[in-house]
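Asks: Structure in C-alpha cells, see below.
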Amino acid sequence: MNGPSQDSHGPSWLAGDRRVCWHPYTQHAIDPEPLPVARASGAWLELHDGRKLLDAISSWWACLHGHGHPRLVRALSEQASRLDHVMFAGCTHEPAVRLAERLVEVTPPGLTRVFYSDDGSTAVEVALKAACMTWLRRGEKRRTCFVALEGGYHGDTFGAMSVGDPDPFFLDLAPFLFEAERVPADAGRLEELLRRRRGEVAAVILEPGVQGAAGMKPVPASFVREARRLCDADGLFLIADEVMTGFGRTGTLFACERAEIAPDLLCLSKGLSGGMLPLAATLATEEIYSAFLSEDRMRTFFHGHTFTAHAMGCAVGLESLRMVEEERVPARFEQIGERIESGLAALRSEPAVQDVRRIGGIAAVELGGASGGYLSDWGPRLREACRRLPHDVLLRPLGNVLYGMPPACTTDAECARIASAMVDVVNEVVTAV
Ligand SMILES: Cc1ncc(COP(=O)(O)O)c(C=O)c1O
C-alpha cells in the first residue's frame, strides 16, 4: 500500500477534509471521521491504510457491476480521448444517440424520448416539469398538485423534495415546497384522493417495486398496477422513479416490469452509468414530447443542464447496458439477494427484529418494537456497530433498517460475509438494550 503521507491517524489530507469539506447527510458535530478511501476494485474498497471493505451498499446504490470494471474504464478512456463533452443544445453525438436508442428499446413500451441530465434529483425535476408544463401547454392551469407516496424519496432539489415525504429530512422546508398530496400504497386511498382532487392533479409519482430511502420498503406490484389504472381513468401522468431500482436491482431490468405497467415518464440514474459517472435520463412518451412541439418558441421545454448527455457518461452507460444484458445482471441480483437473505435466517426469531425481507438483490432487516421508525434509537446504534465491529463489510443503515445491496460482481462467499456482518451488527445492538 503506497501511503507516503500516512500516519496512525490517517493520511495527511484527512485534516483537510475536516477543515474544508462538508459531507452529505452528515452531522459533522457528532458523526465519526469519514473513511479515507484510496482505491476500489470489484466489490471492494481499499482504505488508505490498506484495509479492505466490501461495498455492501454499492456506494449509495449506484455501483452496478463492481468498481473500476475494465470494460467501463476502457469505454471511458476511449470516449475521453475522442470527445469528452459538448453541450447538447444545438449539438449531438453518437454515444448519446446510441444510448437513447437502447434505452427506448429496453424500457417499458411507449417511452420514446430521452432527456438526459446529471443525477437522480435532476431526472425527477425533468419529469415533474415535463408533466406540469404539458398540462399548461394544454391550457389546464389548475393541475398544480402532485400525488406521491408516504415514505417516498425522490431527491434533494426543491421539486424532488416537494414530492418526497418531508418526514424526517425536509420538515422545516415546508414553506418553500410546492403542493403534493401523499397517500400510503393503498389503491382505495389513492382513488379517493384522485376523486377529491379531480382536475387539480398533474401526475402521480412513485418508486415502483421498492421505496429505497424509506428503508427498502416493498411497493406491491398490485398497487402499482392499480395506480396505472387510476391514472389512465383520469388521464393523469404516472411518473416511475427507477433511479434506484433500474437496471436489474429488483430482479427484473426495471421494477415496472414486475407490475407489467408502462409509466408516462421514467426517471433513471445511478446504475445508468454502471455507477461510474453522474448521468441521468428521463424517458417520456411521444404524447408528452409532442405537447412542446410548436412554431411558437414559447412552447419550448425550457430546461437543460451544462452536462446534459455527457459524452463520457453516455459511452460508459452504453457499455454498462451491454454488460447488463450479456451478464444477465437482473438474474444475478436475484441470486445475490437470495444468498444474503439465507444468511439472515437466524434473525427471524429475534424478538427485536420486526422483519427480514428481500426484493431482488436487496436484503433488509428491520428493527422494531417501541423504538421503531427512521429516527428511532436503533439508527445511531446500528451505525455505530457497523463502524466499530471488526468485520470487513461497509454497511450504512437507513434508520432502523440494515440492508445489503452489493454490486453484481459480488461472489457467493462475499454474500455470506455480508449476511454474517449484518447478523453480527443486529445481534450486537439488540443484546445491548
Ligand atoms: C428513488 C430515488 N430517486 C431519486 C434519488 C435522488 O438521486 P440523486 O441522489 O442522484 O440526486 C434517489 C437517491 O437515492 C432515489 O433513491
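The values are calculated or read from the model by the stated rules, or taken from the named source; none is laboratory data. Only a predicted model underlies this, so the values are computations on that prediction, with no experimental measurement involved. Methodologically, a virtual Cβ is constructed for each residue, glycine included, from the backbone with ideal geometry; neighbour enumeration extends over all protein chains shown.
Asks: Given 59, 77, which one is under 16 Å from the mean Cα position of the chain (by Cα), more than 26 Å from residue 226 (Cβ to Cβ) and surrounded by fewer than 21 Cβ atoms within 10 Å (Cβ to Cβ)?
Replies: 59
Asks: Out of 33, 78, which single residue is on the phi < 0 side of the Ramachandran plot and assigned by TED's automatic domain parsing to the domain that holds residue 319? Steps first, please.
Replies: Numbers: 33 fails: assigned by TED's automatic domain parsing to the domain that holds residue 319.
Matching residue, one of 33, 78: 78.
Asks: Another one. So residue 403 passes all but one of these: (1) under 20 Å from the mean Cα position of the chain (by Cα); (2) hydroxyl-bearing (Ser, Thr, Tyr); (3) at pLDDT below 95. Which condition number does it fail?
Replies: Answer for residue 403: the failing condition is (3).
Results for (1) in contact with a His (Cβ under 9 Å, 6 or more places away or on another chain); (2) under 15 Å from residue 106 (Cβ atoms); (3) modelled with pLDDT under 95; (4) charged (D, E, K, R), shown as yes or no for each residue.
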position: 269; (1), (2), (3), (4): no, no, no, no
position: 281; (1), (2), (3), (4): no, yes, no, no
position: 287; (1), (2), (3), (4): no, no, no, yes
position: 309; (1), (2), (3), (4): yes, no, no, no
position: 312; (1), (2), (3), (4): yes, no, no, no
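Asks: For residue 112, are the conditions met, namely being surrounded by 22 or more Cβ atoms within 10 Å (Cβ to Cβ) and at pLDDT 95 or above? Explain how you work it out, then say what you get.
Replies: Working: surrounded by 22 or more Cβ atoms within 10 Å (Cβ to Cβ): no; at pLDDT 95 or above: yes.
No, not satisfied.
Asks: Moving to a separate point now. Can we say residue 350 is outside the structural domain of residue 51 (by TED's automatic domain parsing), in contact (Cβ under 8 Å) with a residue 12 or more places away in the chain, in contact with a helix residue (DSSP H, G or I) (Cβ under 7 Å, 6 or more places away or on another chain) and not hydroxyl-bearing (Ser, Thr, Tyr)?
Replies: No; evaluated as a whole, the condition is false for this residue.
Asks: Tell me which residues, restricted to the stretch 254-290, are polar (S, T, N, Q), part of a helix (DSSP H, G or I) and crowded, with 24+ Cβ neighbours inside 10 Å. Write out each step before concluding.
Replies: Residues of the stretch 254-290 that are polar (S, T, N, Q), as a first pass: 269, 273, 282, 285, 290.
Pick out the ones that are also part of a helix (DSSP H, G or I) and you get 273, 290.
Once the filter is applied, which keeps residues that are polar (S, T, N, Q), part of a helix (DSSP H, G or I) and crowded, with 24+ Cβ neighbours inside 10 Å, the stretch 254-290 yields only 273.
Asks: Of the residues 35, 53, 14, 45, which is in a loop (DSSP other than H, G, I, E, B) and surrounded by 13 or more Cβ atoms within 10 Å (Cβ to Cβ)? Even if it seems obvious, please write down each step before you answer.
Replies: Numbers: 53 fails: in a loop (DSSP other than H, G, I, E, B); 14 fails: in a loop (DSSP other than H, G, I, E, B); 45 fails: in a loop (DSSP other than H, G, I, E, B).
On inspection, the qualifying residue turns out to be 35.
Asks: Within the stretch 366-378, identify whether any single residue is assigned to a helix (DSSP H, G or I), within 24 Å of residue 33 (Cβ to Cβ) and touching a residue at least 24 places away in the same chain (Cβ under 8 Å), and answer yes or no.
Replies: Yes.
Asks: Residues that are within 16 Å of the ligand (Cβ to nearest atom) and closer than 24 Å to residue 302 by Cβ: list the helices (runs of 4 or more DSSP H) wholly contained in the stretch 71-169 that include at least 2 such residues.
Replies: The qualifying helices (runs of 4 or more DSSP H) are 120-137, 158-163.
Asks: Within the stretch 194-226, track down each residue that is among the hydrophobic types (A, V, I, L, M, F, W, C) and surrounded by fewer than 19 Cβ atoms within 10 Å (Cβ to Cβ).
Replies: So in the stretch 194-226, the residues among the hydrophobic types (A, V, I, L, M, F, W, C) come out as 194, 201-206, 210, 213-214, 216, 219, 221, 223-224.
Result: 221, single match.
Asks: What is the residue count in the stretch 346-365 for residues that are within 21 Å of residue 406 (Cβ to Cβ) and either polar (S, T, N, Q) or assigned to a loop (DSSP other than H, G, I, E, B) (or both)?
Replies: 2
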